[in-house]
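Every number here is computed from the coordinates shown, using simple stated rules; none is lab data. Given the structure is predicted, the values throughout are model-derived calculations rather than measurements. Because the Cβ atoms are built from the backbone with ideal geometry, glycine has one as well, and the counts that use them run over all protein chains shown.
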Amino acid sequence: MPDGGRARTHPGRSDVVSVADAVGQAHGGAARPTVSFELMPPRRPDAAPKFWETARRLVATHPDFVSVTYGAAGTDRATARQVVGRLLQGTPVLPIAHLTCVGASREDVEEVISDFLDEGVRSFLALRGDPPRDQPDWQPAPDGVRSSTELVALLREVEASRCASDPAAALRGAARPLTIAVATFCDGNPAAGTTRAQEVRRLWQKQQAGASFAITQLFYDASSYTDFVAEARAAGVTIPILAGLLPTTEPARLRRVEELTGVRAPQHLLDALDALPDPEAQHAYGIAYTVDLAQRVLDAGTPGLHVYTFNKHRAALDLLEGVHLGGGSAGTGGSTSAAAAPLVPDLASGPWVTGTSLPTTSAATHGTPV
Ligand SMILES: Cc1cc2nc3c(=O)[nH]c(=O)nc-3n(C[C@H](O)[C@H](O)[C@H](O)COP(=O)(O)OP(=O)(O)OC[C@H]3O[C@@H](n4cnc5c(N)ncnc54)[C@H](O)[C@@H]3O)c2cc1C
């Protein structure tokens, strides 16, 4: 697999103390940038085999972590937990569990947090989640957790209370402290109606609540990221800020993402993609565009790249290959990569591929720091 002389070594579960440490080291500029992927739990059982094949291919490139989304209002609570548990127990990758609080009572959220902690999960991405689209006047429940800032604080509270009541939990917490990431929005969050300045302020609040690092919403212009980071640093934000990137290979995906997030792709990019004759040409153009974007933020000193995969490995891997951070889908074709086999269990087989019978996991089975 071509690596341009900057081959990424497998961190190994014993080499990385925590996700926050890995990101923090890269932030210092001394280490290679981190690489991570976002995965979405399969929605239907018949999508599970394809999902796990994608997961296997991504895990085989030894990312620093893989984050697993969680539906607003906990719609995919069981599947998300199964996916995180399976990654934690059956692969060398460090999973981060997304957690949302919108539409849930405080008691519900505490229960979900406890479930994940019981599973052995020590890394979270704390989010509010988007309110229901059909309720423009939606307000958080009086007994609910209103924002990601409150969720970060609640995660720390639940962990502290478990540590206070159980010496084993206290020891585990001392050995493997929680890592809590948060989302941030370089150009403001159109879905929430916030400006960049408000998101800078909000990120500072998330940091004060105990966030370990931040991952940005996708953006299309490197200056969105670099200007935001500069403003955040000036405002006292010191935590690492990872650049979130969407490979821009499919115009339909870019339009759908705009509907979901409010982040609009540049018209010139959409026009260029639309004018191309077929998906292969669009793939090549989109990868070149995203590689250029990624290289600009790497040159500006980003501590890492977080790739929004939409459960597709090819574009994610080609993007990484383009910036010489591993990856590359060409050599793997449609078959299993032999190089991946010894490191990554066969995630595309076994009873869990149905999505209905993932093996149960227990915290005792994985002692690796996350
Ligand atoms: C990297 C990333 C991953 C994501 N993953 C998921 C996912 O898995 N599932 C999902 O459903 N969504 C996900 N989202 C979308 C995200 O949940 C929404 O964009 C949401 O609207 C904002 O999230 P937040 O955590 O920044 O919310 P918050 O920071 O809580 O902000 C949301 C709103 O809460 C209010 N608010 C926040 N802080 C305060 C405060 N201190 N005082 C008063 N009001 C306040 C503001 O009105 C703001 O508009 C993700 C987004 C990103 C960037």
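Compute the relative contact order of segment 39-178 as a whole-number percentage, counting only Cα pairs closer than 8 Å that sit 6 or more residues apart in sequence.
21
Would you grab the residues whose amide H sits under 5 Å from the one on PHE219? Only those 5+ places off in sequence or on another chain, please, with H modelled 1.01 Å from N.
For PHE219, the qualifying residues are LEU246.
For the peptides 242-255, 88-101, what is the packing order when you average, over each peptide's residues, the other Cβ atoms within 10 Å and list the highest mean first?
Put in order of decreasing packing, that is 88-101, 242-255.
Please list 267-275, 289-297 highest first by mean number of surrounding beta-carbon atoms within 10 Å per residue.
Top to bottom by mean Cβ count within 10 Å: 289-297, 267-275.
Report, in debye and to the nearest 20, how large the dipole of segment 110-176 comes out about its Cα centre when Lys and Arg carry +1 and Asp and Glu carry -1 on their Cβ.
Roughly 380 debye for segment 110-176.
Explain nothing, just the number: relative contact order of segment 122-259, from Cα pairs under 8 Å at least 6 residues apart, as a whole percent.
Relative contact order here is 22 percent.
With contacts defined as alpha carbon pairs under 8 Å and 6 or more residues apart, what's the relative contact order of segment 81-132 in percent?
Here the relative contact order equals 47 percent.
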